[in-house]
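S.K.: Have a look at the structure that comes next, please.
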Amino acid sequence: MTHRLLQITVNGRAQRVAARDSATLLEVLRDALQLTGTKQGCDGGECGACTVLVDGEPRMACITLAASVEARHVETIESLAQQGRLSALQRAFHEKLGAQCGFCTPGMVMAAEALLRREPHPSEAQIREALSGNLCRCTGYVKIVESVQAAAEASA
């Protein structure tokens, strides 16, 4: 089993991590860096629970080789809260009940964060498209969409 020393910027901090060549980004985040906010769901890129941002774009960490993000910027759900205060998007998910059991929430929030950075005032169709790679087994997505809309309105 071959290992390599990866240099990755995670949540704004330069990290040096020893990882197997075959290690996924999800494994490095959760096991090596102890960033457990990124959830392990399907392990096949189908549910979106492990969505993180790589250079600002949503990526599923369970199917992304850690080596492929060397020298890149990775953001996890832990990066959004600042000084113990939830981001506007996280607050909206809490206030509008977008988080049910919470398992899919980190991936939903990160996918929505990428959308809101690109399009601060998205339409409902744009929100649904941005979240289409994320599955929630608890809701009909209405509260999740309303949460993203509320966050967009709060930043207006």
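The values are calculated or read from the model by the stated rules, or taken from the named source; none is laboratory data. Worth saying up front: this structure is predicted, and the values here are computed from it rather than measured. Every residue, glycine as well, gets a Cβ built from its backbone with ideal geometry; the counts of neighbours run over all protein chains shown. Heads up: the accessible areas ignore ligands, DNA and RNA and are worked out on the full protein's heavy atoms, side chains in. Shrake-Rupley method; radii C 1.70, N 1.55, O 1.52, S 1.80 Å.
S.K.: Which is of a type outside the set (Gly, Ala, Ser), free of Cβ contacts under 8 Å to residues at least 12 places away in the same chain, surrounded by fewer than 21 Cβ atoms within 10 Å (Cβ to Cβ) and closer than 24 Å to LEU29 by Cβ, of ARG85, ARG117? Step through it out loud before you land on a result.
M.R.: Values: ARG117 fails: free of Cβ contacts under 8 Å to residues at least 12 places away in the same chain.
None of the others qualify; the one that does is ARG85.
S.K.: Filter region 100-114 for residues that are among the hydrophobic types (A, V, I, L, M, F, W, C) and open to solvent by 30 Å² or more (accessible area, probe 1.4 Å); which is nearest to the chain's Cα centre (by Cα)? Quick ask: steps written out before the conclusion?
M.R.: Initially, region 100-114 is screened for residues among the hydrophobic types (A, V, I, L, M, F, W, C), giving 101, 103-104, 108-112, 114.
Remaining after also requiring open to solvent by 30 Å² or more (accessible area, probe 1.4 Å): 101, 103.
Numbers: CYS101: 16, PHE103: 12 Å.
My answer is PHE103.
S.K.: Condition first: hydroxyl-bearing (Ser, Thr, Tyr) and either in a helix (DSSP H, G or I) or in contact with a Gly (Cβ under 7 Å, 6 or more places away or on another chain) (or both). Now tell me which residues in region 103-135 satisfy that.
M.R.: Filtering region 103-135 for residues hydroxyl-bearing (Ser, Thr, Tyr) gives 105, 123, 132.
Selection gives THR105 alone.
S.K.: Going by what's in this entry, would GLU75 be described as closer than 30 Å to ALA18 by Cα and surrounded by fewer than 19 Cβ atoms within 10 Å (Cβ to Cβ)?
M.R.: no
S.K.: List every residue pair whose Cβ atoms sit under 7 Å apart, with the two residues 6 or more apart in sequence or on different chains, where the first one lies in region 52-64 and is closer than 16 Å to GLU78 by Cβ and the second, anywhere, is open to solvent by 20 Å² or more (accessible area, probe 1.4 Å) and in a helix (DSSP H, G or I).
M.R.: LEU53/GLU113
S.K.: Return the total of residues in region 1-43 being polar (S, T, N, Q) and within 13 Å of GLY107 (Cβ to Cβ).
M.R.: Of all residues in region 1-43, those polar (S, T, N, Q) come to 2, 7, 9, 11, 15, 22, 24, 34, 36, 38, 40.
Applying the additional criterion that residues be within 13 Å of GLY107 (Cβ to Cβ) yields 38, 40.
Selection size over region 1-43: 2.
S.K.: Output the number of residues of region 3-24 satisfying the condition of being under 15 Å from THR76 (Cα atoms) and without any contact (Cβ under 8 Å) to a residue 40 or more places away in the chain. Walk me through how you get there before you give the answer.
M.R.: So in region 3-24, the residues under 15 Å from THR76 (Cα atoms) come out as 8-15, 24.
Those left that are additionally without any contact (Cβ under 8 Å) to a residue 40 or more places away in the chain: 13-15.
Qualifying residue count for the region: 3.
S.K.: Mind checking whether some residue in region 19-26 is part of a strand (DSSP E or B) and either exposed (fewer than 12 other Cβ atoms within 10 Å of the Cβ) or modelled with pLDDT under 95 (or both)? Outline the logic, then answer.
M.R.: So the first thing to find is which residues in region 19-26 are part of a strand (DSSP E or B), and the list is 19-20, 24.
Keeping just the survivors that are either exposed (fewer than 12 other Cβ atoms within 10 Å of the Cβ) or modelled with pLDDT under 95 (or both) gives none.
No: zero hits.
S.K.: Would you point out the residue of region 48-59, among those that are assigned to a loop (DSSP other than H, G, I, E, B) and touching a Lys or Arg at 6+ places or on another chain (Cβ under 9 Å), that is most open to solvent (accessible area, probe 1.4 Å)? Spell out how you get there, then give the answer.
M.R.: Start the filter on region 48-59 by keeping residues that are assigned to a loop (DSSP other than H, G, I, E, B), which leaves 48-50, 55-56.
If we keep only those that are touching a Lys or Arg at 6+ places or on another chain (Cβ under 9 Å) as well, we get 49-50, 55-56.
Working: ALA49: 4, CYS50: 5, ASP55: 78, GLY56: 21 Å².
It comes out as ASP55.
S.K.: From the list THR9, THR38, exactly one residue is at pLDDT 95 or above, in contact with a strand residue (DSSP E or B) (Cβ under 9 Å, 6 or more places away or on another chain) and part of a loop (DSSP other than H, G, I, E, B). Which is it? Reasoning before the result, please.
M.R.: Details: THR9 fails: part of a loop (DSSP other than H, G, I, E, B).
When all the criteria are applied, what remains is THR38.
S.K.: So which pairs qualify, if the first residue must be in region 127-156 and closer than 15 Å to GLN90 by Cβ and open to solvent by less than 60 Å² (accessible area, probe 1.4 Å), the second must be aliphatic (A, V, I, L, M) and assigned to a loop (DSSP other than H, G, I, E, B), the Cβ gap must be under 7 Å, and the two must be at least 6 apart or on different chains?
M.R.: ILE144/LEU131
S.K.: Determine if region 71-78 includes at least one residue that is within 10 Å of the chain's Cα centre (by Cα), assigned to a helix (DSSP H, G or I) and on the phi < 0 side of the Ramachandran plot. Even if it seems obvious, please write down each step before you answer.
M.R.: Going through region 71-78, the residues within 10 Å of the chain's Cα centre (by Cα) turn out to be 74-78.
Filter again for assigned to a helix (DSSP H, G or I), leaving 77-78.
Keeping just the survivors that are on the phi < 0 side of the Ramachandran plot gives 77-78.
Yes: region 71-78 contains one or more residues that are within 10 Å of the chain's Cα centre (by Cα), assigned to a helix (DSSP H, G or I) and on the phi < 0 side of the Ramachandran plot.
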